[in-house]
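The values are calculated or read from the model by the stated rules, or taken from the named source; none is laboratory data. Only a predicted model underlies this, so the values are computations on that prediction, with no experimental measurement involved. Glycine also receives a Cβ, built like all others from the backbone with ideal geometry; neighbour counts cover every protein chain displayed.
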């Protein structure tokens, strides 16, 4: 396997004594040494610390005992620099752990490193990172997706057993699709956002990126659950998703929204997604066409709601208490201006300005309030669909991974790469992306399975059962396999 392990494989090997945590950590460190210079998935790695901790591991074996896992660099880990891949947070060391980091640590994980992202999670390609661009392990000339591109690329290249990312408009699922791995965006409120650096607070959600749907279910069981420190955390009981996903799917009804298979969808993506739908039918799933009529308004709605919330959330970065501060300024106002002008990248500044405009006097009702009303209509579309369907299946992205630099000069085209994922965040419901084939250029293609609120079990069951009869998720990218 040359360092490629799933969570379940590693745990089974631990139990049989076929490999120790120290040996697994060593294999991961060797893989990072071999491919990281090309992939550039990590902002920081902690291989020496990981190896030392692995050597000292003793019983009892907690759920993630000895498993090397990477964390997106917008999730706070006490004592570890957290930059959100932005110059403005360079040198920021959180004095506390995010709840997710606490739960990973309590479960016995080994921190591999903090992964690269589009600055403050604003982007679909990781090209908007204020540090460097991550490369897709399947083709180093292409993007890994975004904003969790570093996490997805690290899993795909075998630089960790699993990773944790965040998803505001597709930022877990789209890079998972581009990199040929599994990415789960849980229901809003399923996983605590305490310690996640906020982009758009009503949309952000932390979730797992793994090699299999079973692993995603297992990791969700660890990181999910109520947290009193997050006012938006749902009061749901912990659940062992990994046990539930093994049940069959015969008799489940899956809806296929006609709006997701129209203009703009790459023919090869359409072919592979339709093939996956046929495979689900072979497993006993019943398929019916549905309509989500307000989906075409999703992108416009998202880029009003998300930017408005970003404008508010990012006001705190002013150079006063932490992070980057401009030097050689005359007064406080100039310090604010210079710090934010030089500390933020172009895409972040674009979104702050969009959001500030949408919230400004005289435009609030015309833009932000109207967007919130359309958001409600989008959610109602899903509610209606789930009256007759157990899940909804769509492409994850309209195209496979595109070339680095291809869309950087056209923000609207870049925004449209999330056209199939954005509505899920607006509605606050769960969705998972799984590999369903490859393009003629040997680039992964993703299938998105969307579920009812807090019904991650059903979409993970469908994903797991699909992976039991297909092998797309077992393929190794050219770079990672070197």
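Screening residue 49 on (1) surrounded by fewer than 18 Cβ atoms within 10 Å (Cβ to Cβ); (2) part of a loop (DSSP other than H, G, I, E, B); (3) touching a strand residue (DSSP E or B) at 6+ places or on another chain (Cβ under 8 Å) shows it passes everything except condition (2). For segment 56-76, the criterion of being part of a helix (DSSP H, G or I), at pLDDT 95 or above and either touching a strand residue (DSSP E or B) at 6+ places or on another chain (Cβ under 6 Å) or surrounded by 15 or more Cβ atoms within 10 Å (Cβ to Cβ) (or both) is satisfied by no residue at all.
Within segment 387-404, the set of residues being touching a residue at least 12 places away in the same chain (Cβ under 8 Å) and surrounded by fewer than 20 Cβ atoms within 10 Å (Cβ to Cβ) comprises 388, 398, 399, 403. Taking the stated definitions as given, is residue 277 in a strand (DSSP E or B), over 30 Å from residue 95 (Cβ atoms), under 24 Å from the mean Cα position of the chain (by Cα) and touching a residue at least 40 places away in the same chain (Cβ under 8 Å)? The answer is no for residue 277.
Can you confirm whether segment 413-420 contains a residue that is more than 18 Å from the chain's Cα centre (by Cα) and modelled with pLDDT under 95? Yes: one or more hits. Counting only residues that are assigned to a loop (DSSP other than H, G, I, E, B) and either touching a helix residue (DSSP H, G or I) at 6+ places or on another chain (Cβ under 6 Å) or over 24 Å from residue 40 (Cβ atoms) (or both), segment 380-422 holds 13 of them.
Scanning segment 318-369 for residues being farther than 22 Å from residue 118 by Cβ, in contact (Cβ under 8 Å) with a residue 12 or more places away in the chain and part of a helix (DSSP H, G or I) gives a total of 6.
I'd like the full set of residues that are under 16 Å from residue 160 (Cβ atoms), in contact (Cβ under 8 Å) with a residue 40 or more places away in the chain and more than 18 Å from the chain's Cα centre (by Cα), limited to segment 69-116. Answer for segment 69-116, where residues must be under 16 Å from residue 160 (Cβ atoms), in contact (Cβ under 8 Å) with a residue 40 or more places away in the chain and more than 18 Å from the chain's Cα centre (by Cα): 107, 108, 109, 110. Note on segment 77-121: among residues that are in contact with a helix residue (DSSP H, G or I) (Cβ under 6 Å, 6 or more places away or on another chain) and more than 21 Å from residue 149 (Cβ to Cβ), the one that is surrounded by the most Cβ atoms within 10 Å (Cβ to Cβ) is 110.
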